1. Across 5 Å bins from 0, what is the distribution of all Cα-Cα pair distances for segment 463-527, in whole percents?
2. Using the reciprocal of the averaged 1/r over all distinct C-alpha pairs, how large is the Kirkwood radius of segment 343-484 in Å?
3. Using 1/(1 + (r/R0)^6) with R0 = 22 angstrom and r between the beta carbons of residue 517 and residue 469, what's the FRET efficiency to the nearest 0.05?
4. Please compute the modelled spin-label separation between residue 87 and residue 30, points set 7 Å along Cα→Cβ, answer in nm with one decimal.
5. Among 66-79, 514-527, how do they line up by average Cβ neighbours within 10 Å per residue, starting with the highest?
6. Simple spin-label model, 7 Å along Cα-to-Cβ: residue 501 to residue 349 in nm?
7. Please give the contour-minus-distance gain from residue 11 to residue 185: 0.36 nm per residue of separation, less the Cα-Cα distance, rounded to one decimal in nm.
8. Would you mind giving the average projected area, over all directions, of the Cα convex hull of segment 262-450 in nm² with one decimal?
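Every number here is computed from the coordinates shown, using simple stated rules; none is lab data. Computed from a prediction, not measured in an experiment: that's the story for all the values here. Don't worry about glycine lacking a Cβ; one is built from the backbone with ideal geometry, like all the others, and counts go over all protein chains shown.
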């Protein structure tokens with residue numbers, strides 16, 4: 001059963017649907033960032049602030065009150081009344097110093113200067129030897145760590161992702177891009193875009209892609225939107241910005257989320273490699289079911305073509321999962337019900353729960369994937385679905401023809417169990433559904449790197465794969481029959497030479513004393529890469 005706080009985080013993240021990586025659930029939990037379940041008082045505080053700001057009558061028992069218009073006309077007042085910010089630290093606010101010139105970013109190529117409307121200062125002074133932002137000296141740049149975040153206030157309802165209409169002759173970029181540029185130029189990685197109707201929290205650390213989430217004021221005024229309001233207060237409340245231990249504050253929380261995502265990328269890369277092994281075993285079984293006719297041509301002419309074809313399958317799946325999570329493929333019922341890879345995984349997971357013993361005797365999922373691949377390559381129109389043809393090489397059905405099968409043998413009989421396990425490796429991490437929406441393009445690239453550079457060969461004897469000597473390294477194959485033939489006392493040397501693995505103590509003694517395959521497997525138990533070879537592969541595999 002999922003922890004209630006984990007579920008609460010999944011819920012609000014599902015509502016606001018961040019673009020790129022902003023926060024990760026493990027980082028939120030490590031920082032003890034929990035949603036306040038009693039959000040009604042905070043929502044009443046927000047409504048009361050909006051009523052005062054708009055000159056509406058105060059609440060009176062028994063007297064109906066008009067709902068306030070969901071707009072913020074005075075951001076500093078909102079920050080103080082609802083989020084609890086100290087206004088003397090919000091530079092640019094009426095009661096605070098002006099935003100220092102050092103937080104401006106000149107754009108000589110466009111003849112303009114980017115400036116934040118407000119800048120929220122750290123309570124602690126800057127690093128020793130650096131100027132205090134309250135008394136900036138000429139020509140002394142301010143270090144980014146002096147500031148928590150920069151705020152850019154826009155006209156009411158202004159588009160966040162489109163340039164302002166009319167143009168000003170300067171840099172005609174959307175407010176999102178302009179604030180990101182300002183953050184990178186000043187070294188302050190956190191920004192807040194405010195247009196009176198929405199608040200967008202942005203994280204743009206140096207050298208990395210940005211992530212952001214948009215909190216709509218109208219949503220936060222509804223009962224269903226209370227988790228969104230709770231999340232905004234959790235991330236931008238005064239405690240998260242100022243008073244909590246440093247490791248639990250917003251800058252550390254966002255940075256920790258990036259570090260966790262790097263860990264996710266490394267582990268996902270390992271699972272994608274295991275998915276490649278799963279496909280190899282699946283197509284070997286499909287070839288056997290076809291009497292050796294499915295892969296006969298490739299094995300005779302160029303066995304590496306099989307590896308290239310299976311690699312193409314994985315890249316197609318990663319492309320589709322990324323595109324589906326980012327809303328780049330149709331979201332209508334026709335696509336979601338009949339073509340979506342995410343939807344196929346859900347159905348296979350349900351089948352696995354109901355028919356766990358027969359998943360490798362069931363078929364149909366591979367044909368589903370082939371139809372999706374062809375659909376993306378050629379495009380389609382039907383009902384409300386509009387999918388332009390992608391063309392190109394990646395989804396071209398003419399490439400790697402063995403993936404399609406032949407008229408004589410039909411579609412390869414790849415079991416549903418294989419497709420389910422492959423998709424599980426791509427979509428599930430630590431029991432949680434992985435969102436490709438939160439992965440950067442660079443992180444997707446690291447997944448690709450993990451499955452590059454291999455070749456395919458047949459096993460001479462019964463073979464097991466061992467874990468790589470280094471994390472993320474290749475799982476080297478070990479011929480068990482050949483190892484048994486090595487005289488005792490020399491097997492450890494053979495093992496290290498072929499796999500870079502070394503046994504010690506009882507395991508080393510068991511390796512030398514082994515009389516049969518079972519003895520070798522017992523000695524090697526902790527070194528076996530089960531994701532690559534759940535059991536020994538037979539000769540000629």
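1. 4, 19, 34, 29, 11, 4, 0
2. 18.6 Å
3. Rounded to the nearest 0.05, the efficiency is 0.45.
4. 3.8 nm
5. In decreasing order of mean packing, 66-79, 514-527 become 66-79, 514-527.
6. For the pair residue 501/residue 349, the computed spacing is 3.1 nm.
7. Once the chain is fully extended between residue 11 and residue 185, it gains 59.2 nm.
8. Projected area, direction-averaged: 11.0 nm².
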